[in-house]
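Please read the structure below before turning to the comments.
The values are calculated or read from the model by the stated rules, or taken from the named source; none is laboratory data. This is a predicted model, so every value here is computed, not measured. Cβ sites come from the backbone with ideal geometry, for glycine too, and all protein chains shown count toward neighbours.
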Amino acid sequence: MKYAIFFTLAILAIASAERHAIIIAPRANWPDYGVQSESCRMYKDLVAGGVKPENIVLMSTKKVSDMQKNPFPGELFTDDSPSAPGKDYAHGCVEYIDYEENDMSAKVMLAIMRADVDALKELTGKENPKVLHSTADDDIMLYFTSHGGPGRILVGSTTVSDKELMETIQYMHDHKMYKNFLFLMEACYSGSMFLDLPKDLNVYAITAADDDHSSYESHCPPNDVIDGKSLGTCLSCYWDNSMEWFMEGGADHTLDELFKHTHEAVAKSSSQNVSHFGDIEGMGKMTLRQFMGDLPAKRLRSMAEDKSEKISKSEVPKHLAMWRAIRADKSELAEAMKEYEEEVFKMAKKEVEVMRLGRAVMSEKAAEKAMKMPAGKILD
């Protein structure tokens, strides 16, 4: 009898467990188009998989999709489609944003993770700020996509340090806010945020890059065309696109398989070195279904066919300016060339700053070593 009761209680516990998600996409500029397109794609995948909208907290913005320079007002795409309408991810996403451009800060992000309603009221002015109401029986997925540097990530105009992130994850664990926690992070040097992640917190983190490399964007000019119109920006982030394609291939894929696929796929065209951290042994065999529900298979293309232009995030502003100049008509060429020259100068200035810092702190040999470091390592 007691075994029957135990079995019944176990079944009820499984049935009552909920899936929860946090999506943080804290960039609102046209060159960061991919941050918004990929975050909306993730939101729609979660909802399609059966995660309740009330269990998803979304920090994003309508600003990018509504910009005047967008040839498809109100729409966002992650893949090019040169001669046909593309797959829009904005509709069914931007209407459900909980925290917008004015809320994009490190303090707000960390308060969302802690479900600190009082702090969020003070920080945002919202009467009823949305937070997760997760318990020790629930699984959480957090998807973050932005920029980063060694030991820090960019949220709006502020940064979260690796120490602050680890302290917040520890807080969530100590306050029994989850059973298992999948953390997906797109940012340059994103691996540096998890170097000190303990293995006993039931957290599995996958990062777009290791602690020493930039991450890349994909579907950049000239592969930015939708139905005959060029957008003049990178449509997606390389790792994110590979990851979401794999997720959409089936909910029975394990976390280990997700890491292996994206690590190998991304390595074919970039040096960013997709990495994983945390409870790899304990959580690696868990399936995507546990965090995302029953995702319907709806692949738009084969990753083997993805031959789009891929650019290191530190090089994206210069690349976009170059293509604006290439595509400019005679009346626009002078201004476009001026913009391109300014971007080239900015990158050169960063390189010199890194070299001067190395020389001042150590020696000219250190400056020579720093010269080989990507200019954007200051913050990509």
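Would you mind finding the one in 127, 54 that is over 30 Å from residue 232 (Cβ atoms), part of a loop (DSSP other than H, G, I, E, B) and free of Cβ contacts under 8 Å to residues at least 12 places away in the same chain?
Numbers: 54 fails: part of a loop (DSSP other than H, G, I, E, B).
So the residue among 127, 54 that is over 30 Å from residue 232 (Cβ atoms), part of a loop (DSSP other than H, G, I, E, B) and free of Cβ contacts under 8 Å to residues at least 12 places away in the same chain is 127.
Looking only at region 96-103, decide whether some residue is in the same structural domain as residue 47 (by TED's automatic domain parsing), surrounded by fewer than 22 Cβ atoms within 10 Å (Cβ to Cβ) and over 18 Å from residue 43 (Cβ atoms). Yes, there is a match, as at least one residue in region 96-103 is in the same structural domain as residue 47 (by TED's automatic domain parsing), surrounded by fewer than 22 Cβ atoms within 10 Å (Cβ to Cβ) and over 18 Å from residue 43 (Cβ atoms).
Considering 159, 207, which residue is of a type in the set (Val, Ile, Thr), farther than 16 Å from residue 23 by Cα, in the same structural domain as residue 257 (by TED's automatic domain parsing) and in contact with a strand residue (DSSP E or B) (Cβ under 6 Å, 6 or more places away or on another chain)?
Numbers: 207 fails: farther than 16 Å from residue 23 by Cα.
Exactly one residue qualifies, and that residue is 159.
Residue 197 meets each of the listed conditions (1) part of a strand (DSSP E or B); (2) more than 13 Å from residue 272 (Cβ to Cβ) apart from (1). The residues listed here are 122, 127; of these, the one that is out of contact with any Lys or Arg (no Cβ under 9 Å at 6 or more places or on another chain), charged (D, E, K, R) and assigned by TED's automatic domain parsing to the domain that holds residue 188 is 122.
Is it fair to say residue 160 is hydrophobic (A, V, I, L, M, F, W, C), closer than 27 Å to residue 255 by Cβ and either in contact with a helix residue (DSSP H, G or I) (Cβ under 7 Å, 6 or more places away or on another chain) or not in a helix (DSSP H, G or I) (or both)?
Details: hydrophobic (A, V, I, L, M, F, W, C): yes; closer than 27 Å to residue 255 by Cβ: yes; either in contact with a helix residue (DSSP H, G or I) (Cβ under 7 Å, 6 or more places away or on another chain) or not in a helix (DSSP H, G or I) (or both): yes.
Considered against the rule, which asks whether it is hydrophobic (A, V, I, L, M, F, W, C), closer than 27 Å to residue 255 by Cβ and either in contact with a helix residue (DSSP H, G or I) (Cβ under 7 Å, 6 or more places away or on another chain) or not in a helix (DSSP H, G or I) (or both), residue 160 comes out as yes.
State all residues of region 132-156 that are farther than 21 Å from residue 28 by Cα and buried (at least 19 other Cβ atoms within 10 Å of the Cβ); if no residue qualifies, say none. Spell out the reasoning first.
From region 132-156, those farther than 21 Å from residue 28 by Cα are 132-141, 150-151; that's our starting set.
Scanning region 132-156 gives 132, 134, 138, 139, 140, 141.
Is it fair to say residue 125 is over 19 Å from the mean Cα position of the chain (by Cα) and within 29 Å of residue 224 (Cα to Cα)? The answer is no for residue 125. Residue 88: in contact (Cβ under 8 Å) with a residue 12 or more places away in the chain and of a type outside the set (Gly, Ala, Ser), yes or no? Against the criterion (in contact (Cβ under 8 Å) with a residue 12 or more places away in the chain and of a type outside the set (Gly, Ala, Ser)), residue 88 qualifies. Residue 69 meets the stated requirement of being at pLDDT below 95, in contact with a helix residue (DSSP H, G or I) (Cβ under 8 Å, 6 or more places away or on another chain) and exposed (fewer than 15 other Cβ atoms within 10 Å of the Cβ). Condition check for residue 284 on (1) buried (at least 18 other Cβ atoms within 10 Å of the Cβ); (2) touching a Leu at 6+ places or on another chain (Cβ under 7 Å); (3) modelled with pLDDT of 95 or more: one failure, at (1).
Of these, 178, 171, which one is surrounded by fewer than 24 Cβ atoms within 10 Å (Cβ to Cβ), of a type in the set (Phe, Trp, Tyr) and modelled with pLDDT of 95 or more? So that I can check it myself, show each step before the final result.
Numbers: 178 fails: surrounded by fewer than 24 Cβ atoms within 10 Å (Cβ to Cβ).
Every option except 171 fails the conditions.
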